[in-house]
Amino acid sequence: MTITQKIYGDLKSAILSGKYAAGALLTENQLARSYGVSKSPARSALHLLVRDCFIRPVERRGYMVLNINEHDVHLLNEVKYNTESYSVRQIIAACSEEEIRTLYDIIYLDAPTDKSFVYVNSQFHMHMARLTQNPYHIAIMEQLTRHAEALYGAQFWQSNPEQSGTQHYHAEIVDAMLRRDLNMALIFLKKDLALAPSFPAAKPAAQHRE
């Protein structure tokens, strides 16, 4: 791991955990001093965070952590739904039952407690994309996932605890794809992305089907 990657990873984790709140300022000089390095790797790490929509440059002041709101999440989820509908259709049409069942391993994956939702959610949706074996679709999903990680930070999800039921919806998506039920798989994908006009309180996570 390069020093740029370490700084990027550390800052990304700090933003997602809420250590750096919206509006917090980061500077090249501050990071260079903190890590005992030149400004070049600090600048590169900050540029990566700008690319991934975690921060934005502020002239003569540094970089500001972005303020995330529910409207931003809704706009992203609209794009994700249209994109991930392709994943669902391709999986149902071309994947074996054994391949589809690998998604259960992601749903019940142990993840660091400080980023469990963000980590597992990203892994689940990216694994669906990889099952399509379409490199262009995978590349688009990688970009969307980076944006999602910025928007699905700990602060937003702590203020919306009902969304913790997403594990249940992930399991329902997999169940429907195993049944080759496109309609139900898309319904639960929409619920997972919080696009449905209303949906019931989260149920306990479904058990691993044998």
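Please treat every number below as a calculation from the coordinates, not as lab data. Keep in mind that what you see is a predicted model, and the values were worked out from it rather than measured. Virtual Cβ from ideal backbone geometry, glycine too; neighbours counted across all protein chains shown.
FRET efficiency for Val58 and Met1, Cβ-Cβ distance as r, R0 = 22 Å, nearest 0.05? Don't jump to the answer; show the numbers that get you there.
Details: r = 28 Å, r/R0 = 1.28.
That pair, Val58 with Met1, gives E of 0.20.
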P(r) weight above 27 Å for the range 1-151, C-alpha pairs, percent: 33 percent
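Over the residues of the range 3-65, compute the C-alpha Rg and express it relative to 2.2 N^0.38 Å. Can you show the working numbers first?
Numbers: Rg = 10.4 Å, N = 63, 2.2 N^0.38 = 10.6 Å.
Cα-based Rg divided by the globular estimate yields 0.98.
Let me spell out the model: positive unit charges on the Cβ of Lys and Arg, negative unit charges on the Cβ of Asp and Glu, origin at the Cα centre of the range 3-65. What dipole size does that give, in debye rounded to 20? Before the final figure, lay out each step's value.
Details: 10 positive and 4 negative charges, 17 e Å.
Rounded to the nearest 20 debye, it is 80 debye.
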For peptides 82-91, 95-104, sequence by mean Cβ density within 10 Å, most packed first: 82-91, 95-104
